[in-house]
Every structure is written in structure tokens, then in C-alpha cells.
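K.L.:
Got a structure here, written out as C-alpha cells. Questions coming.
The values are calculated or read from the model by the stated rules, or taken from the named source; none is laboratory data. As the structure is a computational prediction, the values presented were derived from the model and not from experiment. Don't worry about glycine lacking a Cβ; one is built from the backbone with ideal geometry, like all the others, and counts go over all protein chains shown.
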Amino acid sequence: MQKLVDEFRRRGREVNYKNRELILGQGSRGDHVLLLTHGFVRVVRRLADGRSRWMAFRGPMNLLGEMSVLAGKPRNADVTALGSCKAVMVRCDDFLMMVQKGDFTRELLVWEQGQRVDAALARIWLKDHSLEVGLARTLLYLAGNGSTMKIEGLTREVLAQAVGVTRNALCPVLKGLKDAGTVATGREALEIKDIRALRDMARGVGRVRHCAR
């Protein structure tokens, strides 16, 4: 895997994105691929009826936009920065040249398959656990398990979709965390105040009192 990362850095250039900045736009042409090196992004698909559907969160060492380049089709989702992000950008011609090299084709396929398996396992895991546990695990993932305490660009609707519940079901639990002093919430932002309590909840040890809205 390191060989693939090194090749990205050799062929590409580093780019920076601000909080809530659109990194890849749905419907746009796939003219480059990104290797995310710092920060987290949300992947959301805009539906024909005007609604949005959360697809995934992506973090460091995840590829972004590779399927559009490989398929030669427009991008099928919006990718937006959750806080500041850094990535290595490789133009489509260089990326396809990497794919044509036998040494990298297998690594790219394994990498892509790994991302899909991780996303599928995460969805299955969330379905088998309580909302509190799923929410805590999701927040810890987006916080890099404690490397940062503030998660930006995160709406309640996207967070609810990520843990597989409605916004109405999420809000009382989120309010309980806020009232307990575990998190503080703002407009499209959340700050972890008590990382230990959140880790306990992720293990199913602690629970929050569901507060009335």
C-alpha cells in the first residue's frame, strides 16, 4: 500500500480544502482522483426528488473520485469537507496510467474493495447495535478517535442517515449528550467535551437519558 501512496505523491500535487467546501460535485466530469491524507469528508447523493442521501464518510488514506475516472462517467455524489482537509490530486491520465501498470492494478482493486467492505460492515454493525452506541462510534470515527475534538460541516440530517435513523429519533439522544456535558452542538458543528464518556458509550457501557424535545 505504501508503494501506491508514494506513487500518488510522485505524480500528484497537494491540495487543501476548507470546512464545508465542495471537493467533488455530483454530475461533474471525472478529470482527477484524490487521495485524502488529512481530515474527513461526507459523501452525499442528491436524488431526483430533491432529497439528499448520505452514502459514506471517508477519512485519511481513502481514495475519492476514482470510480468516475475508471468508468468514464460523471461523478455520482457530492463530496464535502468536514473541517479542513488535505489531499493529493492526480490527474485522470496519470491515474489511468497507474492502473495500466500491473504492479498497481491489484493494489488499487484491493484498496477499492477494502473501502466498500468497510462501508458495508459499518452499516451492518450499526443495524445490530443501539442508537447510542452507533452515534458514539460514528462521532469517534469522525474525531479520529480523539485526535480532534471539533467536527465541522456535519448536519443533523446527515448524521441521522449515517447511523440509520430519522432526524427526529436522533435529536433526543443528541440533546441528552449535550445536557450531560458530553458534547456541545452548533450550526453544522459538534464539539466533544468528554471523550471518556463517549468511548464508554461506544462500548455499550454508558447510556444517555433521552430528553424530551
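K.L.:
Which residue out of LYS3, LYS86, LYS18, LYS73 is farther than 24 Å from GLU188 by Cα, in contact (Cβ under 8 Å) with a residue 60 or more places away in the chain and basic (Lys, Arg)?
P.N.:
Answer to the selection: LYS3.
K.L.:
Then there is this: Given the condition out of contact with any helix residue (DSSP H, G or I) (no Cβ under 9 Å at 6 or more places or on another chain) and among the polar types (S, T, N, Q), answer yes or no: does some residue in the range 44-60 qualify?
P.N.:
no
K.L.:
Being modelled with pLDDT of 90 or more and among the hydrophobic types (A, V, I, L, M, F, W, C) narrows it down to one of ALA81, ALA56, so name that one.
P.N.:
ALA81
K.L.:
Still on this structure: Are any residues in the range 159-176 in contact with a helix residue (DSSP H, G or I) (Cβ under 8 Å, 6 or more places away or on another chain) and in contact (Cβ under 8 Å) with a residue 24 or more places away in the chain, and if so, which ones?
P.N.:
LEU159, ALA162, VAL163, GLY164, VAL165, ALA169, LEU170, CYS171, VAL173, LEU174 - these are the residues of the range 159-176 that are in contact with a helix residue (DSSP H, G or I) (Cβ under 8 Å, 6 or more places away or on another chain) and in contact (Cβ under 8 Å) with a residue 24 or more places away in the chain.
K.L.:
Within the range 22-64, can you find the residues that are touching a residue at least 12 places away in the same chain (Cβ under 8 Å), over 14 Å from LEU82 (Cα atoms) and assigned to a loop (DSSP other than H, G, I, E, B)?
P.N.:
The answer is GLY25, GLN26, GLY27, SER28, ARG29, GLY30, ASP31, MET61, ASN62.
K.L.:
If I filter the range 22-53 down to residues being at pLDDT 95 or above and over 15 Å from PRO74 (Cα atoms), which single residue comes out as surrounded by the fewest Cβ atoms within 10 Å (Cβ to Cβ)?
P.N.:
If we take residues in the range 22-53 being at pLDDT 95 or above and over 15 Å from PRO74 (Cα atoms), then LEU22 is surrounded by the fewest Cβ atoms within 10 Å (Cβ to Cβ).
K.L.:
If you take just the strands (runs of 3 or more DSSP E) that sit entirely in the range 97-213, which of them hold at least 1 residues that are touching an Asp or Glu at 6+ places or on another chain (Cβ under 9 Å), surrounded by 19 or more Cβ atoms within 10 Å (Cβ to Cβ) and modelled with pLDDT under 90?
P.N.:
In the range 97-213, 150-152 are the strands (runs of 3 or more DSSP E) which contain 1 or more residues that are touching an Asp or Glu at 6+ places or on another chain (Cβ under 9 Å), surrounded by 19 or more Cβ atoms within 10 Å (Cβ to Cβ) and modelled with pLDDT under 90.
K.L.:
Please go through the range 56-87 and give me each residue that is among the hydroxyl-bearing types (Ser, Thr, Tyr) and over 14 Å from LEU24 (Cα atoms), ordered by number.
P.N.:
SER84 - this is the single residue of the range 56-87 that is among the hydroxyl-bearing types (Ser, Thr, Tyr) and over 14 Å from LEU24 (Cα atoms).
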